[in-house]
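Reviewing the structure listed below.
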Amino acid sequence: MRAHTDYLWFTTRTRRELVNITDRIAAIVAAAKIAEGFCLVSAMHITAGVYVNDWENGLMHDFQEWLEKLAPSGLNYRHHQTGEDNADAHLKRTIMGHQVILPVTKGDLDLGPWEQVFYAEFDGQRRKRVVIKIMGE
Amino acid sequence: MRAHTDYLWFTTRTRRELVNITDRIAAIVAAAKIAEGFCLVSAMHITAGVYVNDWENGLMHDFQEWLEKLAPSGLNYRHHQTGEDNADAHLKRTIMGHQVILPVTKGDLDLGPWEQVFYAEFDGQRRKRVVIKIMGE
Amino acid sequence: MRAHTDYLWFTTRTRRELVNITDRIAAIVAAAKIAEGFCLVSAMHITAGVYVNDWENGLMHDFQEWLEKLAPSGLNYRHHQTGEDNADAHLKRTIMGHQVILPVTKGDLDLGPWEQVFYAEFDGQRRKRVVIKIMGE
């Protein structure tokens with residue numbers, strides 16, 4: 001068994017951003033030289049997520065509108081009594097999920113035809129990290 | 001360490017369907033002859049999910065009604081400008097989750113008394129795939 | 001490759017409770033003596049969840065209020081025709097997620113600065129279990 005650990009850093013230009021990271025993950029998997037295994041991709045900050053879905057601009061817009069409806073910003077959240085203003089970001093990332101496990105088969109990501117991996121930032125414009133850990137052999 | 005990869009195909013009769021796949025997963029785990037490990041079950045299409053919950057018809061009905069409330073079909077989604085009509089299916093599968101990791105202990109799925117594994121189809125009536133990958137020894 | 005399996009039991013005093021279990025997971029990881037691997041933490045009951053987020057009382061309060069809004073208790077759920085009254089607990093745990101995979105790097109949980117692991121009980125006051133399975137070497 002071998003393990004390979006890497007990290008990606010993100011500083012988004014806007015507060016909320018969905019970033020396609022599939023190619024970067026694929027490059028890390030290639031560098032790991034693991035033929036069969038699991039690749040964990042997990043946000044290390046609690047106002048960001050990682051999810052798998054479609055790389056289509058309209059749908060990405062729909063996701064943002066939908067999340068704002070289900071977990072609105074600007075409400076009088078209890079969390080904001082600490083001085084924070086990002087409670088909605090914690091909730092939004094909970095809906096999207098904060099991690100995925102990608103199967104690695106014959107040395108490649110074993111993804112369906114439309115599966116793309118996204119970093120979902122809900123409180124950005126500062127340096128935040130994602131861990132990528134591959135285990136297998 | 002050993003890895004065993006298999007795929008299940010689904011063509012549901014209706015557009016939305018929740019299919020109990022626990023026995024099929026258990027059979028793949030038995031075939032893998034892995035005593036201790038992890039079993040990933042992950043939808044390879046982005047309008048379907050995989051989740052663990054109760055196999056009770058009333059609750060399955062409640063899930064469908066609840067998802068329709070949180071992520072309604074028939075809205076004027078931006079994604080539909082591409083010609084698609086399934087934006088709600090992308091959102092519904094996001095709430096349910098698209099993958100689970102099942103522990104394998106002493107050669108069997110290590111599940112609680114009521115845990116059952118489901119394939120959740122939200123845009124069916126066509127051939128779609130789930131990957132099952134077991135890693136361990 | 002080595003595997004280490006453990007279980008945590010919970011009997012919460014109230015029906016709904018969010019319990020920080022990070023230290024207990026870290027102790028199990030230390031006992032496993034696995035330097036590089038994955039640690040699965042998964043609720044074995046279907047009205048409870050496991051999630052990673054902030055250990056801040058205000059936010060924990062916000063989570064509970066938000067879940068009650070998205071998946072209200074007391075509705076006339078079809079599941080309740082079985083005599084149960086906890087359909088909302090099944091839905092709430094679905095939003096929070098029922099499991100996480102924590103990376104183990106150099107013998108420790110590889111978590112971000114604010115990442116804490118929680119057991120989320122939505123139908124408690126009775127004995128329920130979480131499986132912790134670590135795989136690696």
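Nothing in this text is a laboratory measurement; each read-out follows from the coordinates by a stated rule. A quick note: this is a predicted structure, and the numbers were derived from the prediction, not measured. Note that we place each Cβ from the backbone using ideal geometry, even for glycine, and neighbour counts take in every protein chain shown.
Eigenvalues of the alpha-carbon gyration tensor of the stretch A:8-81, scaled by 5 and square-rooted, set the equivalent ellipsoid semi-axes at 30, 16, 11 angstrom, largest first. Within the listed set B:Glu115, B:Glu68, B:Glu84, the Gaussian network model of chain B (springs between alpha-carbon atoms below 10 Å) gives the highest mean-square fluctuation for B:Glu84. Other protein chain C-beta atoms within 10 Å of residue C-beta, averaged over C:93-101: 6. Other residues with beta-carbon under 12 Å from the beta-carbon of B:His80 carry, at +1 per Lys or Arg and -1 per Asp or Glu, a net charge of -4. Look at the alpha carbon pairs under 8 Å that are at least 6 residues apart: their mean separation over the length of the stretch C:25-137 gives a relative contact order of 52 percent.
Counting Lys +1, Arg +1, Asp -1, Glu -1, what net charge surrounds C:Val100 among other residues with beta carbon under 15 Å of its beta carbon? That works out to +2. Charged side chains reduced to their Cβ positions (Lys and Arg at +1, Asp and Glu at -1) give the stretch C:7-68 a dipole of some 380 debye around its Cα centre.
Look at the stretch C:36-43: the mean tally of other chain Cβ atoms within 10 Å of its residues' Cβ atoms is 5. The three principal axes of the C-alpha atoms in the protein assembly as shown carry coordinate ranges of 51, 47, 46 Å, sorted with the longest axis first.
Annotation: amide H-H contacts under 5 Å for B:Arg2 (H modelled 1.01 Å from N, sequence separation of 5 or more, or interchain): B:Gly136, B:Glu137.
Each stretch of four or more DSSP H residues adds -39500 (n - 2.57); spread over every residue of the protein assembly as shown, this sum gives -8000 deg cm²/dmol at 222 nm. Placing +1 on each Lys and Arg Cβ and -1 on each Asp and Glu Cβ, with no other charges, gives the stretch B:27-137 a dipole about its Cα centre of roughly 500 debye.
Among residues other than B:Arg2 with Cβ under 11 Å from its Cβ, the summed charge is -3 (Lys and Arg +1, Asp and Glu -1). Between the stretch B:61-79 and the stretch A:1-79, what is the C-alpha centre distance in whole Å? After rounding, the separation between the Cα centres reads 24 Å.
Within chain A, the ratio Rg/Rh, alpha carbon atoms throughout and Rh by Kirkwood, equals 1.02.
For the stretch A:38-55, backbone phi angles converted through the Karplus equation (6.51, -1.76, 1.60; θ = phi - 60°) give residue-by-residue couplings of 10, 10, 8, 10, 9, 5, 9, 10, 8, 10, 9, x, 9, 8, 10, 6, 7, 9 Hz, Gly and Pro being listed as x.
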